[in-house]
Amino acid sequence: MQVAQERNPFADSASKLLRVALSSPAKAWGIRELSRMAQTSPALTILTLRQLQRVGLASRESPTEARFLDPVQLLRDWAAWYVMKQVKYYRFSISGVASPNAILKLLSKERAQLPGQWALTCMAGASLVAPFATFSEVHIHLPKAEQLRRSWQDVLRLTPDKLGPIHLIQPYYADSGSYGVQVIQKLPVVSAIQLYLDCYRYPVRGREQAEHILTQVLMPRWRNAR
């Protein structure tokens, strides 16, 4: 069972390869270079590429090199697969702090006191990278959220609330989801790739926002990559 999962290019460990490769998708990647940058084994890299070759999303340029084909389709296939996965989250509210902008200001103010390798994602994160759709909730990518949420409650005075605007997400991509985190306006934000994936699964204008990230951020970046 574990071997089959590791061959899946969209699984946590293997997806690190995609995140690295999509930084420059037109490049012919050396197998060892890609493995080193993604911190995966060459064996896993080869198994992942084999799966992508079967569906026409990668080609082997030589025994030691590979090229990723059609990054847009690759990302959309990935998002369609990811949307089916369950992601655990915890919802909260803060007395007297309801608007997303007010929540973001509070997060910026208390950033140094908040534990964990957290970053904004989904619509709130997208609002700092490629604003497009209005939003009313703030999603926070927080590995080990189950263990850390009590500390977050203490720092921010969070109240558990099934309808609250603050979501602490125990991410499906606990490891690779933190790849490429950026800091914008003093707030950590997940990579544009992870933003696309998380927005795509968000029910209220999320796919519109995801496509905006694709056309305004990722595709121009890919055109300029070498």
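No value in this document is a laboratory result; all are computed from the given coordinates. All values derive from a computational prediction rather than experimental measurement. We place every Cβ from the backbone using ideal geometry, glycine too, and count neighbours over all the protein chains shown.
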Once every DSSP H run of n ≥ 4 in the chain is given -39500 (n - 2.57) and the sum is divided by its residues, what mean residue ellipticity at 222 nm do you get, rounded to the nearest 500 deg cm²/dmol? -13000 deg cm²/dmol
Quick check: convex hull over the Cα atoms of the chain, volume per residue in Å³, rounded to an integer? 123 Å³
The range 2-69: relative contact order in percent, alpha carbon pairs under 8 Å with at least 6 residues between: 35 percent
Toy charge model, Lys and Arg Cβ at +1, Asp and Glu Cβ at -1: the chain dipole around Cα centroid in debye, rounded to 20, equals 160 debye
One computes Rg over Rh for the range 113-226 from alpha-carbon atoms, with the Kirkwood Rh, and obtains 0.98
Length-normalised contact order of the range 82-224, Cα under 8 Å, at least 6 apart, in percent, tallies to 32 percent
Test of understanding: ordering Asp198, Asp12 by Cβ neighbours within 10 Å, fewest first, what list do you get? Asp12, Asp198
How much length, in nm to one decimal, is gained on full extension between Arg157 and Asp77, taken as 0.36 nm per residue of separation minus their Cα-Cα distance? 24.9 nm
Evaluated at 4 °C with a viscosity of 1.567 mPa s, what Stokes-Einstein diffusion coefficient in µm²/s does the range 33-125 have when Rh comes from the Kirkwood expression over alpha-carbon pairs? 75 µm²/s
Please compute the alpha carbon radius of gyration of the range 2-69, then divide it by the globular-protein estimate 2.2 N^0.38 Å. Two decimals is fine. 0.95
Proximal lysine pairs in the chain, meaning Cα under 18 Å and 8 or more positions apart or interchain, come to 7
